[in-house]
Amino acid sequence: MTELSIPQAMRLAVALHNDGRLDEASALYREVLRASPGHADALHLLGLAHHQHGNHDGAVALIEQALALDRGNGLYWANLGHVHRQAGRPHDARRCYGEALDAGAGAAAVRNGLGWALAELERHEEAEAQLRAALALDPALAEAHNNLGNVLLAQGRLAQAAGCYRSAVGIDPAFAVAHANLGNALRELGDPGGAIEHCRRALALDAGLHSAHNNLGSALADLGEPEAAERSYRAALALRPNDAATRFNQGLLSLMQGDYAAGWPAYELRFAAADARAAGGAQALAAQLAGVARWGGPGDEAHGLVLWTEQGLGDNRMMLRYLALARQSIAQELIVYCRPELSRLIQAMGVADRVIPSDQPLPWGRFDRHSPLMSLPLVFGTRLENIPATVPYLTVPEDMRRAWAKRVAALPRPRVGLAWAGGRALRPDALRSMACERFEPLLRAGTASFVSLQQGQASSASPLLHDWMQDCRDLLDTAALISQLDLVVSVDTAVAHLAGALATPVWLLNRHSSEWRWMREREDSPWYPVMRIFRQSRPGDWDEVIARVAQALSS
């Protein structure tokens, strides 16, 4: 500084900074600040040097000092947003990027950063708008394509997400994270081979990329390669030993193989898993109940026990088998807090003291223990050999049985109920569901009287189907209809569980990758003695499955 003016020192420091010589640049910035403590650019750039060294807190302090001197500088706000983003602070990042936009710094990088922050805060529509604005400014910004893919994936828009990831890797073939994300999207679209290809490309670019190891493990599991999948999960956990999503996925692999001793404890991580698999507000309810002791099972005496539903309707119906065991295990009040669609069905079981729909408040003060329904297999030490598989465990009131018996009396036997689609809100739905038209060969064979069991948007107007579902106001009505059928043929949705729980014979149409409760190589189910499983021979091939079902029905 004795030989250089402040402007000359700043020019040299910036040149050193751009050349990656951060220590030398930082020394010059400090020299400038000793001579001119209020030099905002020196504070800002020294903060960026700290950031590049990984000192995020030091960077924040310095850039905030620069902003105290020049509050309206959009570049300072944008870079402060970048620092918070790298530190994983989406709330702070969103605030800073917003200030940058207000100050006129509307470059693509700023909108991309704001889109990332909004996505992290689960404000997906706003995030999508910002990311599309970023791409309008710079269509070649690979990171914005990747971030938009993440937003679309979180909304279940899988094909669009895959398109965004393809754009990202098309622009930057060395973008390892985007390859890993594309692998994840392709897996959910039912293309495990494509998923494996892109995850391996990601790992060739960055062997330390945790998400690529994790996603590769899940794709290998889908293809029925459990040993290779386990190796991938272990590689992911070597990088992040406490990662809940990977441990959860490892648990699903154990359950798929029938290793319930290892699987159930890992399944408890579903609430912490990054992809928030516990749907329907379960995470929020779990947080509400954090101050209440979890029920430990038989021997853990409770003043009152709340069992609460989570995940999909099929999951809940599968676990209702444990209510009788819970009733036997506690002397005090048993309360079931459930999705409203389930309330009458559970009341008809006659096991719980109180059944409260989840659109009503919890009965605080009436219980001192709780458990999610899906944790009961762990609580009761369930293994393949001791699954409580006695059916029926759901019951239909006799007056409802008689009413439906009259309605279907004119149908010649056998009477076969059909369900072809699950709830669209669940991410695997594209793999497990089909269009009703796929059933045409079965319907036209004329080997049975076919009855629709399909609710909602996927319903069919086929003249070959008898359809009373508009009269089924809840699941108890549907159960009453099923009780008058000879067979149910269903994709992996709640109807299959309902039929199995009622002891009505059920043929499950299972996707190729299967699902942990159905395992992979079995044609029967340890959970439902009345079930027969027809699994796809190839991913996505329902026609071959329907042909086998038609042959089995005709014989």
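The values are calculated or read from the model by the stated rules, or taken from the named source; none is laboratory data. A quick note: this is a predicted structure, and the numbers were derived from the prediction, not measured. Note that each Cβ is placed from the backbone with ideal geometry, even for glycine, and that neighbours are counted across all protein chains shown. Heads up: the accessible areas ignore ligands, DNA and RNA and are worked out on the full protein's heavy atoms, side chains in. Shrake-Rupley method; radii C 1.70, N 1.55, O 1.52, S 1.80 Å.
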Would you check if HIS198 is surrounded by 24 or more Cβ atoms within 10 Å (Cβ to Cβ), without any contact (Cβ under 8 Å) to a residue 40 or more places away in the chain and touching a helix residue (DSSP H, G or I) at 6+ places or on another chain (Cβ under 6 Å)? yes
So for the range 288-297 (the condition being at pLDDT 95 or above, within 20 Å of the chain's Cα centre (by Cα) and under 30 Å from GLN347 (Cβ atoms)), does at least one residue qualify? no
Leading residue by the ranking (farthest from ARG71 (Cα to Cα)) among those in the range 1-58 that are among the basic types (Lys, Arg) and without any contact (Cβ under 8 Å) to a residue 12 or more places away in the chain: ARG21
In the range 231-264, how many residues are crowded, with 19+ Cβ neighbours inside 10 Å and small (Gly, Ala, Ser)? 7
Just need a number here: residues in the range 438-492 that are open to solvent by less than 30 Å² (accessible area, probe 1.4 Å) and touching a Pro at 6+ places or on another chain (Cβ under 6 Å). 3
Check on SER513, in contact with a helix residue (DSSP H, G or I) (Cβ under 6 Å, 6 or more places away or on another chain), closer than 19 Å to ARG401 by Cα and not hydrophobic (A, V, I, L, M, F, W, C): no
If TYR267 meets every condition in (1) free of Cβ contacts under 8 Å to residues at least 24 places away in the same chain; (2) aromatic (Phe, Trp, Tyr); (3) open to solvent by less than 10 Å² (accessible area, probe 1.4 Å) apart from one, which number is that one? (1)
Would you check which residues across the range 136-157 are surrounded by fewer than 21 Cβ atoms within 10 Å (Cβ to Cβ) and either within 22 Å of GLU122 (Cβ to Cβ) or of a type in the set (Lys, Arg) (or both) and list them? ALA154, GLN155, GLY156, ARG157
Only one of ALA207, ALA235 is under 25 Å from VAL169 (Cα atoms), without any contact (Cβ under 8 Å) to a residue 24 or more places away in the chain and not in a helix (DSSP H, G or I). Can you tell me which? ALA207
Quick check: is even one residue across the range 25-38 of a type outside the set (Ser, Thr, Tyr), open to solvent by less than 10 Å² (accessible area, probe 1.4 Å) and modelled with pLDDT under 95? yes
Mind listing just one residue for me: the one in the range 501-515 that is modelled with pLDDT of 95 or more, open to solvent by less than 20 Å² (accessible area, probe 1.4 Å) and within 27 Å of the chain's Cα centre (by Cα) and, of those, farthest from GLN250 (Cα to Cα)? ALA501
Which residue is most open to solvent (accessible area, probe 1.4 Å), if the candidates are limited to the range 332-380 and must be over 30 Å from GLY258 (Cβ atoms) and part of a helix (DSSP H, G or I)? GLN347
If I ask for residues that are assigned to a loop (DSSP other than H, G, I, E, B) and crowded, with 22+ Cβ neighbours inside 10 Å, which ones from the range 158-187 would you list? PHE175
